[in-house]
Amino acid sequence: MNEVVVTPWPRVTRSLAWAALVAAALVRLAIPFIGLDWRTEVLLCDGLTYLLPMFVVMLLVARLSVRTVGTVEHFLWGMLAPATALVLISESYWTWYALNVEPHGPPAGSPLFVIHLVAISLFLFVVIRMTRLGSNSLAYRVRFYVDVVGMGCLVFPLVYLGWTLPALVSVPGARNSAAVALAVYPLAAVILLAGTVTVFVGWKHHRWRPWERFTAASIGIYALGLAGMPVWYPAFKVSRDYGPTWISAVLGAGYLLLGIGAVYRLSAANEEGIVEPGLLPSQAVRWEGHIHPVLMILGVPVVGWIALTNPHPVVSRTLIGAAALLAMTVVARSLITDVIRTENLKQDAFDRLVWPLGRQELASELDSAVARASDARTPLSVLVVTLAVAPTFDTLFGRSSRDAAINLVVSAVAEAAPSSALSVFRLSADQLAVILEGLNVADASTIARRAWLRTHREAGAPEPGLELFSGVAGFPQHGETGLELLTSAQSACLLAAASDGEPVAAFDEVKTASEDELNEGMRRRIMRETVRTLAQAVDGRDPSTREHSSNVSELATLLARVLDLPEEQVHVIGLAALLHDVGKVGLRDEVLFKHSELSAEECREVEEHVVLGEMILAPANIDEVLPAVRHHHERWDGTGYPDGLAGHDIPLEARVLSICDRFDILSSGRANQPPLSIDETLALLEHGADSRYDPVILSAFVRLVRGLRAPGVSAVPTVSGGVGARSDAT
């Protein structure tokens, strides 16, 4: 990923944020030495260094929530806003209560503490949701939360009996509910710290972003403050000193750092965002699968025995409640695990019927293939094929469509490869492994490209939402064992998924690609797919224009190749054509669907769609398509819009797009005009050759269309001339 260039304005914003943090720290340090009464000290310290920063942070994270709609980060900022609001409400009430009712604040266990605990729960939920837990089944997610509750019940008696209950003995009028409430704080702090390390630190494989540092540090400081509550609260309650306390200073420092992180994120470029949620660490998975349930089961009799042997009835009832809740979580976990196991067995049985060859068979066969290739000194390649499925694919098309797509891929590979050299294994629901004996890496890559072409161009291809990526590794240059070859092929498959347009990659390319390049490629692909979906949504608003963007993209790609443009420029033109009308998402229905002639004001509104499209696409970091999107309605004579460019000042991509766009509109018709024949459409285009279109490009387009219509033509005709040379100067 490229370094983000920070413009002067973000630098000023960040400098102001740091100045505010330093000012708050100085105020906090200076107030006790001024000699004010304790009420004024509390009002100034809590108001300026705790409540006000919290209010500003709430506004900043709410703004970030709006800015990051549709991304992984949206949930992070969207839940931090209400969590901060709840803490602000509870802490404001505390300050008011201390100033007007009781200097030591409201009693523990009051509704104020309930509000605070709800806010802490939101913080925990945010951290959990930033992992890929949500991609698992509902039963697995429920079991995860049951495990969290069970672990809390297991640790609660230790904190309650060993920490909070003894500490509150010295507090006059302290109730058992106070000890229970205070025991929850360190439990939440431990979970919050563990989650923060997992999400912001443990899973990171990319450059450590500045805003992530501050966000992680702020949540960590906040968690440490929560952990200190059982120590601070009893001591504060019996103290004769009134005024600001160290706990508000610690929590305030956490919110000040969170504000710094929010400012850095707001002033950062889009590539500074989190593209994908984090993986749960393998240690956590092992803990959850083996150690955790055993501890929960052993904890039930232990906590129950402690509860029954405790001489104090109130304490005994509290521990019995904890033991009962722990027992219920054990039972619930067992039932949920049975559901998960049953579903896995059903799925495994189904996969065995449909796919007898799986991962276990692959390991054995791959080792045998490596031995045969080594003995015979013949080439051997491993091909890993992945179907990248859009999030809504299963909802729209169902599992049967996914399996049908897998079957299509298998048949395509089988057609392209010699049958004697082919062995196909299913690694997961969306990934295949193919052993190709006697074929080198180049041959295997060719087979993968043929399979990709068939799945995308022939009848029965996968539905929209499926994308095919392949990785190739060869023996012995990419691995001398079966496991090494499979790992290398999977790494190459990840590179293909991260690349921008190339569906096949060999392991050689993985070794030359940097981590930043892989992350940037993945991010750009995700953004392009998102924008493509938006373009399809625009076409879908009007039945008469459905498939318009796709049609224009195909025409523009053909025309760009006829003009002998570089392949990279062909790709840009095709993508720009796909996205050229994305700005129409902002048009009113009464204008978009109007059958009669548009008024002057409505015409101006329609003309704005090119500028709006440029604004929508700008954050996607696909700057190469912006000139074509903005200028595809410019005219050769300079009378077009939005900038009135003329001649070769109009970008070449926009000149190509203008002709293809107009051709599809005229030939397919609109609600207020019938479709024209191909000859009538070409005649109208040629009529505007001198005023509306680049005459050289238009001439090539006319020959292209007439050549495609000619009987017996099986290839796209090429055109000779200086168009390619002219494009360089445009």
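The values are calculated or read from the model by the stated rules, or taken from the named source; none is laboratory data. For clarity, every value in this text was computed on a predicted model and none was experimentally measured. Positions of Cβ are backbone-derived with ideal geometry, glycine not excepted, and every protein chain shown enters the neighbour counts. In case anyone asks, the SASA skips ligands and DNA or RNA and just uses the protein heavy atoms, side chains included. Shrake-Rupley method; radii C 1.70, N 1.55, O 1.52, S 1.80 Å.
Sort through 187, 165, 192, 224 and tell me the only one that's at pLDDT 75 or above and surrounded by fewer than 18 Cβ atoms within 10 Å (Cβ to Cβ).
Within the list 187, 165, 192, 224, the selection yields 224.
Spot the failing condition for residue 613; the list is (1) within 14 Å of residue 576 (Cα to Cα); (2) open to solvent by 40 Å² or more (accessible area, probe 1.4 Å), and only one is missed.
Answer for residue 613: the failing condition is (2).
Residue-by-condition table, conditions (1) outside any helix (DSSP H, G or I); (2) at pLDDT below 80; (3) within 31 Å of the chain's Cα centre (by Cα):
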| residue | (1), (2), (3) |
| --- | --- |
| 606 | no, no, no |
| 613 | no, no, yes |
| 616 | no, yes, yes |
| 626 | no, no, yes |
| 629 | no, no, yes |
| 635 | yes, no, no |
| 643 | yes, no, no |
| 659 | no, no, no |
| 662 | no, no, no |
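Answer yes or no: is there a residue in segment 252-264 that is modelled with pLDDT under 75, open to solvent by less than 40 Å² (accessible area, probe 1.4 Å) and of a type outside the set (Val, Ile, Thr).
no
In segment 56-75, which residue that is free of Cβ contacts under 8 Å to residues at least 60 places away in the same chain and not aliphatic (A, V, I, L, M) is surrounded by the most Cβ atoms within 10 Å (Cβ to Cβ)?
65
Every residue, every condition in (1) over 41 Å from the mean Cα position of the chain (by Cα); (2) surrounded by 15 or more Cβ atoms within 10 Å (Cβ to Cβ); (3) modelled with pLDDT of 85 or more, yes or no:
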site: 303; (1), (2), (3): yes, yes, yes
site: 308; (1), (2), (3): yes, no, yes
site: 319; (1), (2), (3): yes, yes, yes
site: 344; (1), (2), (3): no, no, no
site: 348; (1), (2), (3): no, no, no
site: 354; (1), (2), (3): no, no, no
site: 365; (1), (2), (3): no, yes, no
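When you look at residue 408, is it modelled with pLDDT of 65 or more and farther than 24 Å from residue 488 by Cα, yes or no?
Yes: the conditions hold for residue 408.
If we keep just the residues of segment 76-97 that are open to solvent by 10 Å² or more (accessible area, probe 1.4 Å) and among the aliphatic types (A, V, I, L, M), which is farthest from the chain's Cα centre (by Cα)?
Once the filter is applied, the top-ranked residue is 89.
Yes or no: segment 38-55 includes at least one residue that is closer than 23 Å to residue 116 by Cα, open to solvent by 50 Å² or more (accessible area, probe 1.4 Å) and of a type in the set (Asp, Glu).
Looking for residues that are closer than 23 Å to residue 116 by Cα, open to solvent by 50 Å² or more (accessible area, probe 1.4 Å) and of a type in the set (Asp, Glu), one finds none in segment 38-55, hence no.
Of everything in segment 678-718, what is open to solvent by 40 Å² or more (accessible area, probe 1.4 Å), at pLDDT 85 or above and part of a loop (DSSP other than H, G, I, E, B)? Give them in sequence order.
692
It is to be established whether one or more residues within segment 235-250 are open to solvent by 10 Å² or more (accessible area, probe 1.4 Å), modelled with pLDDT under 80 and within 30 Å of residue 331 (Cα to Cα).
Within segment 235-250, not a single residue is open to solvent by 10 Å² or more (accessible area, probe 1.4 Å), modelled with pLDDT under 80 and within 30 Å of residue 331 (Cα to Cα).
Please find, within segment 2-19, the residue that is nearest to residue 247 (Cα to Cα) out of those that are open to solvent by 60 Å² or more (accessible area, probe 1.4 Å) and modelled with pLDDT of 85 or more.
Selected residue: 18.
In this structure, is residue 567 surrounded by fewer than 16 Cβ atoms within 10 Å (Cβ to Cβ), of a type outside the set (Phe, Trp, Tyr) and at pLDDT 80 or above?
No.
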